[in-house]
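Worksheet: the structure to be examined is printed underneath.
The values are calculated or read from the model by the stated rules, or taken from the named source; none is laboratory data. Just so it is clear, the structure is predicted and the values come from calculations on it, not from any experiment. Note: ideal-geometry Cβ built from the backbone for every residue, glycine included; neighbour counts use all protein chains shown.
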Amino acid sequence: MDNELQHIFVNSPFAINFLDNEMRVLRINPAMEALIGFKSEEVRERHCYDCWGQYAKDNTRQGTERICDVCVIPATLNDGKKYSYERRIGDKILTVTASPVRDLNGKIVGVMEIGADITEKKNIENKLANHRELLQQLSSRLIETEEMERRHIARQLHDQIGQQLTALGLNLHILGQSVPSEQRKRIDDSLELIAAMTGQVRNIMADLRPPVLDDYGLRAALRWYSSVFTKRTGVKVIVHARIPRLSPNLDITLFRITQEALNNVIKHAQATEVEIHGSLEGKTLSLAIHDNGCGIQNIGEKGQPSEFHSWGLLSMRERIESFGGKLIIASRPGGGTVITAEVQI
């Protein structure tokens, strides 16, 4: 090994070791010494699995039985390919790359392993995963709380305002039987107003918590809401849904995503028609809302607007991510928008 290579070998921050084709240690660098707690002269010509292997201290195993479960050195010696894997040594986690060492004739005579300490990276990833899980739990709890409040308000509207409007209408109807005909017109006008208010209250209750969703599931709820939406807005909505009964929480989540997507159609899309496609392929449930509107500007590579300008889109994403799913947005100016929610069930 010439001076330059020797300098790199000795001073490299990566743990490096050279093994022969019998997996005996030829040379290790100082970073490897610090990692395994052995000096180079202590391990030279010994099998690596007897020195720092997974089963190095297991006296019931003999010879190659002591090779680590994740070891790829035999594969590298066999086919001459480079392999990488992760392993733990003590309290360190490493990513290890095994590369073949060949003689001048191209014959494999050993293996060089290079290990990079990724312990800190793994710890950060675990912390991020824990934080992400906590955020998903909080988001899920917020959604549940919101739905409970919606259900409570809908019940209050039904039990109080709805019943009072019904009673008021009955009283006016009875009163109208005994008033002079010239005053009957005002009674009839009042009854029409009460009927309109009653219809509005029912629509509000249905938006807050549609009974059809609880009784018949998402597919029926999508068809019902699409019909209501078309009557209110004049935008034609066609539903193609092959969706089984889901858990109540997932049902309401996908329903709210559809509601928000249709609201965005009215606010931003200038569309005349929307198609809703729901399907289950294997364990992947997909719900796509496709409009023929003006599209969304600046869609990024990952299917999100580069500026997440809409709280509605953010709400949809948070809802589906609380179930471990994802929201995908595909759009181009003048070519409409497709919002797809995917989740594993």
Subject >> Single match in 256, 245, 232 (criterion: surrounded by fewer than 18 Cβ atoms within 10 Å (Cβ to Cβ), assigned by TED's automatic domain parsing to the domain that holds residue 271, among the basic types (Lys, Arg) and under 30 Å from the mean Cα position of the chain (by Cα)) >> reply: 245
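Results for (1) small (Gly, Ala, Ser); (2) within 30 Å of the chain's Cα centre (by Cα); (3) assigned by TED's automatic domain parsing to the domain that holds residue 330, shown as yes or no for each residue.
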position: 187; (1), (2), (3): no, no, no
position: 190; (1), (2), (3): yes, no, no
position: 199; (1), (2), (3): yes, no, no
position: 219; (1), (2), (3): no, yes, yes
position: 250; (1), (2), (3): no, yes, yes
Subject >> Tabulated pairs, region 2-17, first under 21 Å from residue 119 (Cβ atoms), second of a type in the set (Phe, Trp, Tyr), C-beta under 7 angstrom, 6+ apart or interchain >> reply: 16/9
Original post:
Can you name the number of the only condition in (1) under 39 Å from the mean Cα position of the chain (by Cα); (2) in a loop (DSSP other than H, G, I, E, B) that residue 60 fails?
Top reply: (1)
Original post:
Quick one: how many residues across region 213-231 are in contact (Cβ under 8 Å) with a residue 24 or more places away in the chain and not in a loop (DSSP other than H, G, I, E, B)?
Top reply: 10
Original post:
Quick one: which of 49, 55 is crowded, with 17+ Cβ neighbours inside 10 Å and either in the same structural domain as residue 252 (by TED's automatic domain parsing) or among the aromatic types (Phe, Trp, Tyr) (or both)?
Top reply: 49
**OP:** Kindly indicate whether residue 246 is closer than 16 Å to residue 325 by Cβ, touching a residue at least 60 places away in the same chain (Cβ under 8 Å) and not in a helix (DSSP H, G or I).
**Re:** yes
Original post:
Does region 157-180 include one or more residues that are at pLDDT 80 or above, closer than 24 Å to residue 260 by Cβ and assigned to a helix (DSSP H, G or I)?
Top reply: yes
Original post:
Tally time: how many residues in region 34-46 are under 46 Å from the mean Cα position of the chain (by Cα) and buried (at least 17 other Cβ atoms within 10 Å of the Cβ)?
Top reply: 3
